[in-house]
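The values are calculated or read from the model by the stated rules, or taken from the named source; none is laboratory data. Worth saying up front: this structure is predicted, and the values here are computed from it rather than measured. Glycine also receives a Cβ, built like all others from the backbone with ideal geometry; neighbour counts cover every protein chain displayed.
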Amino acid sequence: MDGTSQEWSVEEAERVYGVSRWGGGYFHIGENGNIKVTPNPSDPSIQIDFKAVIEEIHQEGVQLPVVVRFHDILRSQVANLNTIFRNTIAEAEYSGEYQGVYPVKVNQMREVVEEIVDVGEHYNYGLEAGSKA
């Protein structure tokens, strides 16, 4: 060793990359140092090694970069948003209702819109598709 390298640890990786600050409970650094994805934080037993996902994609001959979507994260976020609004409305004794609307212009991909419609059905979630006049 040249004296400039230092011991790397999960704690050091967390300090440098701050995954706990931006990961929202969905992303963290595993014991092996790889990014782990917990698609549903209410079930932490399900964890996906992101490096393994990328390796599998690469082995299948897909050229990088790629977009990787975890539909359970999308579902969880829609559910969380609606639950927070419902709880806050009840807590504030507000007589109105909250009806979320997804602006399709944010992401028009069929898989994303279908996922939002599916999970949003329970919350009477809507879609917004506007245009400039």
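Could you tell me whether any residue of region 61-82 is charged (D, E, K, R) and free of Cβ contacts under 8 Å to residues at least 24 places away in the same chain? Working first, answer last.
We begin by selecting, within region 61-82, every residue charged (D, E, K, R); these are 69, 72, 75.
Retained after the next criterion (residues that are free of Cβ contacts under 8 Å to residues at least 24 places away in the same chain): none.
No: region 61-82 contains no residue that is charged (D, E, K, R) and free of Cβ contacts under 8 Å to residues at least 24 places away in the same chain.
Are any of the residues in region 10-23 at pLDDT below 90 and outside any helix (DSSP H, G or I)?
No, the conditions are met nowhere in region 10-23.
Within the set of pairs 6+ apart or on separate chains, which have a first residue in region 86-105 that is within 20 Å of ILE116 (Cα to Cα), a second that is part of a loop (DSSP other than H, G, I, E, B), and C-beta atoms under 6 Å apart?
Short answer, once both residue conditions are applied: GLN99/ASN124; GLY100/TYR125; VAL104/ALA129.
Which condition does ALA79 not pass, out of (1) part of a helix (DSSP H, G or I); (2) among the aliphatic types (A, V, I, L, M); (3) not assigned by TED's automatic domain parsing to the domain that holds ASN124, if it passes all the others?
Just one mismatch for ALA79, condition (3).
Test ILE84 against the criterion of being surrounded by 14 or more Cβ atoms within 10 Å (Cβ to Cβ) and part of a helix (DSSP H, G or I), and give yes or no. Steps first, please.
Details: surrounded by 14 or more Cβ atoms within 10 Å (Cβ to Cβ): no; part of a helix (DSSP H, G or I): yes.
No.
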